[in-house]
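Single-structure report; data block below.
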Amino acid sequence: MKKTASLKTLLNPDKIAVIGASKSKDKVGGIIFKRLLDSRRRLFPVNPKETAIEGHKVSPNIQSLPDDIDLAVITISAAAAVKSVESCIKKGIPNYIIVAGGFGEVGEEGKELEERLRKLAKDNNVNILGPNSLGIFLPDENIDTIFVEHADKALDRKGKVAVIVQSGSVGVEALGYASNTGYGMRAFIGLGNKCDLDEIDFLDFFAKDVNTNCLGFYLENIEKGRQFLAAAKEVTKEKPVVILKAGRTHTAVSAVSSHTGKLAGSDNVISGALKQFGIQRVYDDEEFCDATKVLSMLSGAPGNRVAVLTAAGGYGVMCTDYIEKKEMRALLTMAKLSENTKKKIKDATFPFTACENPVDITASADDRMFSESLDALIEDKGVDVIICIAFFAPPGITENLIDIIAEKTKKSEKPVIVFTKYGPFTDNSIKNLFYAGVVAYPSIGRAVRAARFLVERTKIKQRLDQEV
């Protein structure tokens, strides 16, 4: 049975009980309770050894809680956590986040505990996230149950990417790094061991969520493979679905088993299936963040013809190499510029400007020249994607270029992707571009790869539309 409707109170609860809440800033229960103080929800700490935490009266036991709690965050050890769920169910609590490890990933005793949780969820029609879960983080709702350090302050609000991960650490570290240069996240979900709620439940939920336009998954095993693929194929007709599927080698598959207590399938079969069903696969955490970023900010590409605009000739040459390199992802080709486009660029810049693509307007260019050259490329019907190599070191280029590119990007039906470097200020420049609505990366390879993601996305959508 789909749980889409019931997940609303898990992800946006009004009343939250924290089982094992603590005054200690070093204990998981203390860290999570403190994070939830910013949520503006009603909090109900439970701990027999405390009377008050941060001005909140503490219940000595679960039986003392009110009857209308929406979510219980359980921060105590494995065996005690199972007993707590049993007690919470008697209070009518519908949703649970279980942080503790020590379940299916550690041996037979842990598997038995996990099976008890699975049966409790099924028999009582409740939602259990985990166990061994980092929980949830929804920036716009100020809901955060992640007890490890993460980019909670750095991530942009009003983000559109739903990030659903089996390994919490992979998720928080990837997003923490991505936030240095701007990343808009709608939600973070740590699946953990998936005793109840799994990737299909959240695929269904965020497919219907109007605030989500891209779904990214880090998965080590897909237990209901056919069901997930069929559901994802429907979702990807409207929203991109990106998967980082770990466990590609024989040794890595064994590592998956020890990490999650589950087995992973043949990688070749999985890779072929993902492609067939329109799911975009990535192979590391950097690719995961880069793909979900560009796919959430730009809708696709009308074709695969790329124009490169640069004030640094050498980088233009390197960019051409990356574009023409044959890869497993979508094929790119260098656009052939029209004579009219070349004339517009020469008229706007210098008689010696190289206009054959890559367009090198040289380090003598200024903001106006860059702006008018970009206009010419956007207007050229033979160009589908534009990569701007934007540097702020030339004396005529100022930080006003960020607003110039942003203004044109908003009006352009063609995607514009920026590669920039600015010494120790690189991350800040890319973040400023992000806040202005521009997709930017700190390397040529990543910028070109982002263009491939867009072309790949468009081809997937066209193919699925034709199948209807």
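Among the listed residues Ala301, Ala307, Ala273, Ala376, identify the single one that is farther than 26 Å from Ala436 by Cα and either small (Gly, Ala, Ser) or in a helix (DSSP H, G or I) (or both).
Answer to the check: Ala273.
Any residue at all in the stretch 383-404 that's among the small types (Gly, Ala, Ser) and farther than 15 Å from Ala311 by Cβ?
The answer is no; no qualifying residue exists.
Can you find, within the stretch 374-391, the residue that is nearest to Ile345 (Cα to Cα) among those that are buried (at least 19 other Cβ atoms within 10 Å of the Cβ) and among the acidic types (Asp, Glu)?
This residue is Asp380.
Quick check on my filter: what residues within the stretch 342-373 are acidic (Asp, Glu), buried (at least 20 other Cβ atoms within 10 Å of the Cβ) and either more than 35 Å from the chain's Cα centre (by Cα) or assigned to a helix (DSSP H, G or I) (or both)?
Correct list: empty.
Would the stretch 187-210 turn up any residue that is outside the structural domain of Ile32 (by TED's automatic domain parsing), of a type in the set (D, E, K, R), under 15 Å from Thr292 (Cα atoms) and surrounded by fewer than 22 Cβ atoms within 10 Å (Cβ to Cβ)?
No; the residues of the stretch 187-210 include none that is outside the structural domain of Ile32 (by TED's automatic domain parsing), of a type in the set (D, E, K, R), under 15 Å from Thr292 (Cα atoms) and surrounded by fewer than 22 Cβ atoms within 10 Å (Cβ to Cβ).
Can you go through Gly29, Gly104 and tell me which one is touching a residue at least 12 places away in the same chain (Cβ under 8 Å), crowded, with 22+ Cβ neighbours inside 10 Å and in contact with a Lys or Arg (Cβ under 7 Å, 6 or more places away or on another chain)?
That would be Gly104, the only listed residue that is touching a residue at least 12 places away in the same chain (Cβ under 8 Å), crowded, with 22+ Cβ neighbours inside 10 Å and in contact with a Lys or Arg (Cβ under 7 Å, 6 or more places away or on another chain).
All but one of (1) within 18 Å of Val383 (Cα to Cα); (2) outside any helix (DSSP H, G or I) hold for Lys326; state the number of the condition that does not hold.
Unmet for Lys326, out of (1) within 18 Å of Val383 (Cα to Cα); (2) outside any helix (DSSP H, G or I): (1).
Considering Thr75, Thr51, which residue is β-branched (Val, Ile, Thr) and surrounded by fewer than 13 Cβ atoms within 10 Å (Cβ to Cβ)?
Only one candidate qualifies: Thr51.
Exactly one condition in (1) in contact (Cβ under 8 Å) with a residue 12 or more places away in the chain; (2) over 20 Å from Val18 (Cβ atoms); (3) assigned to a loop (DSSP other than H, G, I, E, B) is not met by Val170; state its number.
For Val170, the exception is condition (3).
Quick check on the stretch 40-49. Is at least one of its residues of a type in the set (D, E, K, R), closer than 15 Å to Val99 by Cα and within 26 Å of the chain's Cα centre (by Cα)?
No - not one qualifying residue is present in the stretch 40-49.
Filter the stretch 413-432 for residues that are under 20 Å from the mean Cα position of the chain (by Cα), buried (at least 18 other Cβ atoms within 10 Å of the Cβ) and under 11 Å from Asn180 (Cα atoms) and give the result.
Ile430, Lys431, Asn432
So Ile386 clears everything in (1) without any contact (Cβ under 8 Å) to a residue 12 or more places away in the chain; (2) touching a Leu at 6+ places or on another chain (Cβ under 6 Å) except one condition, right? Which one?
(1)
Within the stretch 99-147, count every residue that is among the acidic types (Asp, Glu) and farther than 28 Å from Asp26 by Cα.
Result for the stretch 99-147: 4.
I'd like to check something: does the stretch 330-339 contain any residue that is part of a helix (DSSP H, G or I) and out of contact with any strand residue (DSSP E or B) (no Cβ under 7 Å at 6 or more places or on another chain)?
Among the residues of the stretch 330-339, at least one is part of a helix (DSSP H, G or I) and out of contact with any strand residue (DSSP E or B) (no Cβ under 7 Å at 6 or more places or on another chain), which makes the answer yes.
The values are calculated or read from the model by the stated rules, or taken from the named source; none is laboratory data. Source: prediction; values computed, not measured. When we count neighbours, we look across all protein chains shown, and the Cβ atoms used for this are built from the backbone with ideal geometry, even at glycine.
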